[in-house]
Each structure stands twice: as structure tokens, then as C-alpha cells.
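A short worksheet on the structure shown next.
The values are calculated or read from the model by the stated rules, or taken from the named source; none is laboratory data. The structure displayed is predicted, hence computed values, not measured ones. We place every Cβ from the backbone using ideal geometry, glycine too, and count neighbours over all the protein chains shown.
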Amino acid sequence: MAYKTVLVHIDESARSDFRVKIAAEIAKADNAHLLGTAVTGVSRFIYQDGNISASDPNLTIHLNFLKERAERAVANFNKLVQETGVSSYESAIANDEAGGGIGLQARYSDLVVIGQTNRDEPSPSVLPDFPEYLVMNSGRPVLIVPYTGDFTTVGKRPLISWDASREATRALTDAIPLLKQAELVQVAIFNPKATPDAHGDQPGADIALYLARHGIKVEVSVHKTSTDIGNALLSLSNDLDSDMLVMGGYGHSRFREMIMGGVTRTILESMTVPVLMSH
């Protein structure tokens with residue numbers, strides 16, 4: 001099992017180059033094809049300003065502005081990837097907002113790399129709930145890179161949040177190509193007595209055996225907390241010097257609005273390391 005197509009969202013944000021470098025390292029490790037996609041946000045603009053006619057000169061000005069932004073992002077991506085040594089790559093522009101454009105291409109990728117929402121750096125082509133939307137709707141694992149912090153490695157010391165749920169199972173399985181390259185995988189279980197049927201008599205024993213069969217070096221720790229599990233998980237990742245968090249993404253959609261679970265919402269807002277999520 002390996003990633004053969006890695007998709008990364010590119011734009012003119014401050015962390016775009018950093019995302020590309022992370023995606024490139026993952027692609028090189030599996031000899032995968034790297035696809036960098038910029039979105040224009042044209043569809044969002046037209047929907048919001050549907051009363052503008054084709055003859056309105058403002059329409060052309062705005063559309064050209066959006067197109068030029070995407071073209072600059074693609075040119076920068078192509079230059080940067082050439083320097084990373086990735087053997088197979090391509091770039092593309094989607095005339096859609098990020099959720100629709102990246103979400104569609106995600107269907108044909110093994111892993112999607114995007115950025116955490118930074119409300120101090122708004123974009124005309126990326127809605128604030130882009131990470132939530134992609135996790136819930138893409139059907140693919142999504143690696144979300146924080147908008148702050150520097151990481152010399154990603155996936156060498158991952159921490160898995162394990163509650164034996166369907167979402168956690170999906171995330172863990174989706175992360176196996178990265179986990180197999182890790183130096184040590186930590187599995188954390190919080191409050192297992194709350195769902196005893198899911199964990200059995202020895203919480204963590206089954207998942208440790210499952211990972212070991214994949215040749216993955218793993219350690220399991222069980223924790224009891226009365227505080228918010230999301231913050232407890234972030235604290236533990238800091239204590240363990242983890243460089244990636246793997247977890248299920250919990251929530252549902254209501255029209256375009258994403259209604260996320262408490263732990264998921266906490267992590268998406270306050271992540272301190274890259275987070276791989278699956279739903």
C-alpha cells in the first residue's frame with residue numbers, strides 16, 4: 001500500500017510553499033505523482049454577484065484578477081517542485097472555489113495536502129470552512145498543515161488518536177503509507193471505560209497488533225481525562241514531541257455548513273502539528 005497520487009492545494013498564501021515541500025517529500029518517499037492545483041474562485045464570485053451581466057466591465061476586471069492569482073501560484077509551484085527533485089508532477093487551475101475544485105480532484109488522489117484556515121489571511125477563492133468541507137466530502141485522507149510553526153519532519157513520530165470508531169479506523173488505515181516510514185508510532189486512547197465494548201479487556205492491544213503486522217513500530221498509552229479531549233490530545237502531542245496527528249474527522253453537513261464534533265473542531269482551530277484526518 002502506497003500513495004501514488006498526492007494532491008496539494010497551492011495559492012499565494014504565506015504557507016503555500018511549506019505545504020508544497022511537505023507534499024513533495026511524501027510524494028518522493030512513495031515515488032508518487034504530485035499534483036499542485038490552484039483555484040480561481042470564479043464560481044464563488046459569480047454566485048455571490050449573480051446580478052452582474054456579462055457586459056459589466058467590473059466582471060472582466062475581477063475575473064482577470066482571480067485568474068492571475070492562480071497563474072502566479074502555478075508558476076511558483078512549478079519552480080519550487082523542480083528544486084525538490086520530484087520525478088513526476090503537474091499543475092492545474094480549477095475555475096471553482098477551493099472546496100469544489102480541490103474536492104473534485106481529490107476523488108482521483110490518494111492523499112490531499114491543504115492548509116489550516118487562517119482568518120487573518122482571507123482569500124477570495126477559499127471559504128473559511130475549507131478543511132472541514134474537504135474532510136467531510138472528499139472521501140480521501142486530508143493532511144492539514146498549520147498556518148504557524150515550523151516542522152523539520154512530518155510523520156516520523158506520529159500520534160494516533162484511537163477510539164475504535166469507524167472514522168478513526170478509516171484515518172489510521174489511510175495513514176499506513178506514512179506510518180510504515182515512521183521511527184515510532186504512538187497510539188493514544190482516552191477514557192476507554194466510556195466505551196468498553198469498543199476496546200475490550202486490554203485497550204489498545206488489538207490496534208497495536210494490527211499495526212505490528214504491517215511492520216510498524218508502535219507504543220500504546222491509555223489516558224484518563226476529565227477535560228476536553230481535543231486539548232488533552234494537543235498537550236500529549238507536545239509532550240511526546242509528535243510531528244503529526246492522525247485522527248478521525250467527526251461531523252456532518254447541513255447544506256454548505258459543516259457541523260463538526262467538539263474534538264475535531266478543537267483540533268482544526270488549535271492544531272500545532274500537521275493533522276491527517278479522514279471521515
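Things worth noting here:
- Residue match in the range 159-173 (condition: farther than 28 Å from residue 108 by Cα and surrounded by 15 or more Cβ atoms within 10 Å (Cβ to Cβ)): yes
For (1) touching a residue at least 40 places away in the same chain (Cβ under 8 Å); (2) on the phi < 0 side of the Ramachandran plot, each residue gets a yes or a no:
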{"position": "163", "(1), (2)": "yes, yes"}
{"position": "171", "(1), (2)": "yes, yes"}
{"position": "176", "(1), (2)": "yes, yes"}
{"position": "182", "(1), (2)": "no, yes"}
{"position": "185", "(1), (2)": "no, yes"}
{"position": "191", "(1), (2)": "no, no"}
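- The single residue among 134, 104 that is of a type outside the set (Lys, Arg) and surrounded by fewer than 23 Cβ atoms within 10 Å (Cβ to Cβ) turns out to be 104.
- Residue that is farthest from residue 241 (Cα to Cα), among those in the range 261-270 that are surrounded by fewer than 22 Cβ atoms within 10 Å (Cβ to Cβ) and in contact (Cβ under 8 Å) with a residue 24 or more places away in the chain: 262
- Hits in the range 200-248 (condition: assigned to a loop (DSSP other than H, G, I, E, B) and under 23 Å from residue 154 (Cβ atoms)): 214, 215, 216, 217, 240, 241, 242, 243
- Tabulated pairs, the range 203-232, first in the same structural domain as residue 247 (by TED's automatic domain parsing), second outside any loop (DSSP other than H, G, I, E, B) and acidic (Asp, Glu), C-beta under 9 angstrom, 6+ apart or interchain: 208/219; 230/269
- Candidate set from the range 195-251 (those that are of a type in the set (Val, Ile, Thr) and out of contact with any helix residue (DSSP H, G or I) (no Cβ under 7 Å at 6 or more places or on another chain)); member that is surrounded by the fewest Cβ atoms within 10 Å (Cβ to Cβ): 227
- Set side by side, the residues 7, 34 differ, and just one is modelled with pLDDT of 95 or more, surrounded by 13 or more Cβ atoms within 10 Å (Cβ to Cβ) and in contact with a Leu (Cβ under 7 Å, 6 or more places away or on another chain), which is 7.
- Residue match in the range 150-168 (condition: among the polar types (S, T, N, Q) and either under 30 Å from residue 200 (Cβ atoms) or in contact with a Phe, Trp or Tyr (Cβ under 7 Å, 6 or more places away or on another chain) (or both)): yes
Yes or no, residue by residue, for (1) modelled with pLDDT of 95 or more; (2) under 22 Å from residue 142 (Cβ atoms):
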position	(1), (2)
197	no, no
211	yes, yes
242	yes, yes
253	no, yes
